[in-house]
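Derivation of every value follows stated rules applied to the coordinates shown; laboratory data play no part. These numbers were taken from a predicted model, which means no experiment stands behind them. Glycine gets a Cβ as well: all are built from the backbone with ideal geometry, and neighbour counts include every protein chain shown.
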Amino acid sequence: MTQNSSASKTSKRFSPAGPLSGKITVPGDKSISHRALILSSLAIGKSRITGLLEGEDVLATAEAMRAMGAKIEKNDDVWTVHGVGTGGLMQPEAAIEMGNSGTSTRLLMGLVASHDISTTFTGDASLTARPMGRVIDPLSEMGANIQARPSGDGKSCLPLTVRGICPAVPIAYRLPVASAQVKSAILLAGLNTPGITRVMEPIPTRDHSETMLRGFGAELAVETNTDGVRTISLTGEAELNPQNIKVPGDPSSAAFPVVAALLVPGSDIVVQNVGINATRAGLFQVLQNMGADLTFKRKRTVGGEPVADIHVRHSALTGIEVPSGIAPCMIDEFPVLFVAASLADGVTRTTGLQELRVKESDRLSQMARGLETLGVEVTEQADGLTIQGTGGKPLTGGRNKPVIETALDHRIAMSFAVAGLVTKGGLALDDMTPAQTSFPGFVEMLKGLSKA
Ligand SMILES: O=C(O)C1=C[C@@H](OP(=O)(O)O)[C@@H](O)[C@H](O)C1
Ligand SMILES: C=C(OP(=O)(O)O)C(=O)O
């Protein structure tokens, strides 16, 4: 689990080290890994998963599913899950520790809401500050009783206890925020609920839950109306069949070496086996619109998801206005996009990013403060950042020896690690341990690219 105490912090310096080259792979997709463990735990029989992300967030999901009765083992690179069947979850003996992981917490809150068990969730200092009302509202409509800790500023937060109900009431729910976690929480609750549970999604978000639920044999229909609103209808009391799942590389993790290679002069790298699902690949599109030289090779399908090898060459980037509608397709990639924008020629303006304020940290504020420390001209709006790029000139860290705070946020840590490669004199991060939540081996990966 991610620790909160300063004693366990590991500071780390990142400095320019010449062109990046080589072929790499990145760890498995975090969203797909969570869902692979959860759905396999509900199937009757034995599922096999390869390529699973072994980051702390996903390991927290595995531990939670074990605590509720699933048998999960790892042999060599293969994870084996013996599921308990839909509706078969057992009452956990103790509170479930979710560490830093919003996805684990919100998806599992949905899962237990339609079981006749009582489950307490807790987490680290970052997770316990994040809003859970967005999941509590629909799950309460389904009949679950949820007692959460009120935060000082009106949010419902962890620790919280979900007293589930069986049978739960099927609902039709229009998402008030574009959130794949909320959508998935309702669908997972709907799995053990009689009748049809519907989620209306005005702005499309990542669709891994829909794809994987179908893959496991659930009856699920998706309709898109003329306004672009997607309605997902899931028939409850579903019987899930065990699967063999291959998890593709995470585009959100690939984002770091991709941006690093674009920014460091002379770089030429290939990131292999990266998921390029359209609901996830917004960053690559935005970077190409900024002038990035990205080539998608060997396009293929892995585990029902589109995948490619991405060839990246150093490129002179130009600032752009990022359309707010693309935000859900690259929601976790904005921190590293802000680093790319800092070296682009001209102004990059982003809007519609209020959600970034309720991630592992307030990502707009953390990025604005850190980039300012490196001499970047940044304006922080309520819903985005406007960044004046240097036109390829290195950022300025050296003389004032900046130390950037990573604030228990893996994306902040890895984004500034990339910034360090293009900062004169380099920079230090106060704590690199958050990278373990989604990208074990991140530091070694970057080092390997500079040595290749
Ligand atoms: O469903 C998922 O796997 C995720 C959804 C997104 O969160 P929101 O649903 O809060 O946008 C994303 O930020 C998170 O990293 C993973
Ligand atoms: C927001 C993220 O994850 P989570 O919500 O699962 O903590 C992320 O990985 O950037």
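If each residue of separation counts as 0.36 nm, what is the full-extension length gain between residue 94 and residue 141 once their alpha-carbon separation is subtracted? List each step's numbers first, then the result.
On the way: separation 47, 0.36 × 47 = 16.92 nm, distance 2.59 nm.
Roughly 14.3 nm would be gained on extension.
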Checklist outcome for this item: The FRET efficiency for residue 231 and residue 13, from their Cβ-Cβ distance with R0 = 41 Å and rounded to 0.05, is 0.25
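With N denoting the number of residues in the range 30-243, provide Rg(C-alpha) divided by 2.2 N^0.38 Å, to two decimal places. All intermediate terms of the calculation are to be shown ahead of the outcome.
Values: Rg = 15.9 Å, N = 214, 2.2 N^0.38 = 16.9 Å.
My calculation over the Cα atoms of the range 30-243 gives 0.94.
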Item to check | Bins of 20 Å, starting at 0 and running to the largest distance - Cα pair percent for the chain | outcome: 26, 58, 16, 0
Checklist entry - Distance in nm between label sites at residue 289 and residue 382, each 7 Å beyond Cα in the beta-carbon direction? => result 2.3 nm
Next on the checklist: Can you order the peptides 411-417, 111-117, 145-151, 243-249 by their average number of other Cβ atoms within 10 Å per residue, highest first?
Outcome noted: 411-417, 111-117, 243-249, 145-151
Item to check | Structure-based [θ]222 nm, the chain - -39500 (n - 2.57) summed over DSSP H runs of at least 4, per residue, nearest 500 | outcome: -8500 deg cm²/dmol
Item to check | Projected label distance in nm at residue 166 and residue 430, using a 7 Å step from Cα toward the beta-carbon | outcome: 4.5 nm
Checklist entry - What distance in nm separates the simple spin-label points at residue 200 and residue 318, each placed 7 Å from Cα in the Cβ direction? => result 4.1 nm
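Would you please put 317-327, 294-304 in order of how densely packed they are, using the mean number of other Cβ atoms within 10 angstrom per residue and starting with the highest? Could you put the intermediate results ahead of the total?
Working: 317-327: 18.3, 294-304: 13.8.
Result, highest mean first: 317-327, 294-304.
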Checklist entry - If r is the Cβ-Cβ distance from residue 222 to residue 301 and R0 is 22 Å, what FRET efficiency results, to the nearest 0.05? => result 0.75
Next on the checklist: Output the 0 to 90 degree angle, nearest 10, between the alpha-carbon long axis of helix 102-113 and the longest principal axis computed from the alpha carbons of the chain.
Outcome noted: 10 degrees
Checklist entry - Measuring from centroid to centroid over Cα atoms, what is the spacing of the range 405-438 and the range 12-37 in Å? => result 13 Å
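Quote the FRET efficiency, to the nearest 0.05, computed for residue 46 versus residue 278 with a Förster distance R0 of 35 Å and r equal to the Cβ-Cβ distance. Don't jump to the answer; show the numbers that get you there.
Details: r = 32 Å, r/R0 = 0.92.
The formula returns an efficiency of 0.65 here.
Taking the mean number of other Cβ atoms within 10 Å as a proxy for protection, how do you rank 353-365, 180-192 from highest to lowest?
Working: 353-365: 19.8, 180-192: 26.8.
Packing order, densest peptide first, comes out as 180-192, 353-365.
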Item to check | Where only alpha carbons of the range 129-228 are counted, the Rg and the Dmax (Å) | outcome: 14.2, 43
